[in-house]
1. Of the residues 28, 40, which single one is in contact with a helix residue (DSSP H, G or I) (Cβ under 9 Å, 6 or more places away or on another chain) and modelled with pLDDT under 80?
2. How many residues are assigned to a helix (DSSP H, G or I) and closer than 19 Å to residue 37 by Cα when one looks only at the range 47-65?
């Protein structure tokens, strides 16, 4: 007999996401420019950790803000 699957205690939860959002808001302060910079840095770090896979799931404007798209296309 198998019982119900137990949740992974190390898996992120909604509480974890809410805490991260609160920390980002605290770090960024009230200045929208600071918020944009912090978010861009976080997205760039997440993209690096994912081996560049995150960028293909982001809208173009966000990729540009986060520095994940080259300014000009590479010509070959």
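1. None of the others qualify; the one that does is 28.
2. The number of residues fulfilling the criteria is 10.
The values are calculated or read from the model by the stated rules, or taken from the named source; none is laboratory data. What you see is a predicted model, and the numbers here were worked out from it, not measured in a lab. No Cβ is skipped: glycine too gets one built from the backbone with ideal geometry, and neighbour counts run over all protein chains shown.
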